[in-house]
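Asks: Structure provided below as structure tokens; questions to follow.
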Amino acid sequence: SKSFALGSTQVGLPGEPAGPIDLISWDLTWEGVDQQAKITCNHPYRGPGRFSAFLSELPQNIGCGVPTDKPYLQFPDRLFGASPYERVMQHEGTVVALYRIPPSDENRYLNLFLPKSIDWTERNGWILGDSGDFHVALYPIGPYRWVFIREENLIDGWLLRVEGEDVGLVLEVVEAEHFEDFGKYVGERASACPDLNDWPRAERVSVATWKGERLEMTYDGEHRIDGEAIDYEAYPLYGAPGVEAEMRTGKMAFRRGGERVELDFGIDPDAEMLPMRVIG
């Protein structure tokens, strides 16, 4: 959108070691002052298999090495790193993130960062803010508390700790021009809360967007928009302005102005994919 960028990933990871240790699964970003123009959320998962997939130590002894070499990877209030218990759905300006954290996990909560640059209003379970150019609404699924978080040159704002094993979040962001004023948006958004009647028993959450579209997400199940399932298998590997690539072809194309560059890695799409160990 012209005033913000909302992006997400985290679909179909094959196991606990697969998610990144230093990236995030979704975020909302806009042009603004450093540390004051981003919203993101994560479950601070820690596991030897995950650490060993990205660092040089073996799973058997990496528990001793991480606190020494990269202690920030174990901070309980960190805001980066994917979780094997995380599932994300996005449609345009709405993201639904659901988590089923087992009792055995030591961090049974989410960390949600909210910048101080926005004045936040709580209404009927929603947390709403007005940036001037756009409006944003968040609905934490689970009890939460506000914590001030600040580390010089790194972060400065609010950390919402959403506590529990079956937790989640709905976020919606919309250009301000679509509403008469922020108060109008607050009234409309606060009157339509997510449907949590099937969560966590049937692992399903649904919510109506500001446009009236209904998003329905089942944890480890289908993601639907107005009743129609999203076909993730039809998604390209890359599909963005200036870059395109279809899945399992080994081919990519880059465009800039009138220039075009094509790459062909010469893969056999029928051959079994080989696992890759990434060392950070």
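Asks: I need the peptides 119-127, 166-174 ranked by packing, meaning the mean over residues of other C-beta atoms within 10 angstrom, with the highest value on top.
Replies: 166-174, 119-127
Asks: Further question on the same structure: For the pair S3/L196, report the inter-label distance in nm, with labels modelled 7 Å from Cα in the Cβ direction.
Replies: Each label point is offset 7 Å from its Cα along the Cβ direction, giving 2.8 nm.
Asks: As an exercise, find the ratio Rg/Rh for the stretch 123-218 from alpha-carbon atoms, using the Kirkwood inverse-distance average for Rh.
Replies: Ratio of gyration radius to Kirkwood radius: 1.01.
Asks: Once you sort the root eigenvalues of the Cα gyration tensor of the stretch 109-150 as a ≥ b ≥ c, which label holds: rounded (a/c under 1.5), prolate (a/b larger than b/c) or oblate (the other case)?
Replies: oblate
Just so you know, all these numbers are worked out from the coordinates, no wet-lab data involved. This one's a predicted model, so the numbers in the text were calculated from it and none came from an experiment. Here Cβ is always computed from backbone atoms with ideal geometry, including for glycine, and neighbour counts include all displayed protein chains.
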